[in-house]
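Notes follow the structure.
Please treat every number below as a calculation from the coordinates, not as lab data. No experiment lies behind these values; they were computed from the predicted model shown. Note: ideal-geometry Cβ built from the backbone for every residue, glycine included; neighbour counts use all protein chains shown.
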Amino acid sequence: MAKPTELAQKYMDAFFGQEPLESMEKIFAENLIFEGPFQRTTSAKAYLESLRKNPPTNVSFETEEVFENENSVYFIYQFSKPGVKTRMVQTFEVNDEKISKIKLVFDTKVFT
């Protein structure tokens, strides 16, 4: 049985380029909800399409803290890309060994 932290790490690896974006398909529930400051999607398909249209490039992260309970994990990390560095918090809810909800929180001012 995959732990929430393992699934979240697979997501982070794919988002930050250590694995192909397509690898996310295996870890997402079909009805994945993604909520972030710049977008909200209500399916894995819609979220993956948004990443394909605007792929994350030249990005990296450094984990600060990780908290896990039975169904969720919280990642606190430093996000970096050229000209931008900020702390981000991402929560992942897991059901039936798939990520069903992702919430992303950060200060949007650094991107404007």
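Quick look at the values:
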{"item": "Packing-based exposure ordering (other Cβ within 10 Å, fewest first) of I99, I76", "result": "I76, I99"}
{"item": "Qualifying trypsin sites (Lys or Arg not before Pro) for region 66-98 [loop in DSSP, other Cβ within 10 Å: at most 13]", "result": "none"}
{"item": "Separation in nanometres of the label points that stand 7 Å from Cα toward Cβ, at V66 and S43", "result": "3.1 nm"}
{"item": "Residue with peak Gaussian network fluctuation, the chain [Cα springs, cutoff 10 Å], from T41, T91, T63", "result": "T63"}
{"item": "Two-decimal log10 I(q)/I(0) for the chain, as the Debye equation yields it once each C-alpha is a single scatterer, q = 0.13 Å⁻¹", "result": "-0.45"}
{"item": "CD proxy at 222 nm, helix term only [per DSSP H run n ≥ 4: -39500 (n - 2.57); per residue of the chain; nearest 500]", "result": "-6000 deg cm²/dmol"}
{"item": "Segment D107-Q18, length gained on full extension (0.36 nm per residue, minus Cα span)", "result": "29.5 nm"}
{"item": "Span from the region 64-101 Cα centroid across to the region 1-51 one, whole angstrom", "result": "11 Å"}
{"item": "Integer Hz, Karplus 6.51/-1.76/1.60 couplings in order for region 76-86, x for Gly and Pro", "result": "10, 8, 8, 9, 9, 8, x, x, 9, 8, 7"}
{"item": "Highest to lowest packing among 25-33, 51-59, scored as the average C-beta count within 10 Å", "result": "25-33, 51-59"}
{"item": "Relative contact order (%) - criterion: Cα under 8 Å, at least six apart; region: the chain", "result": "28 percent"}
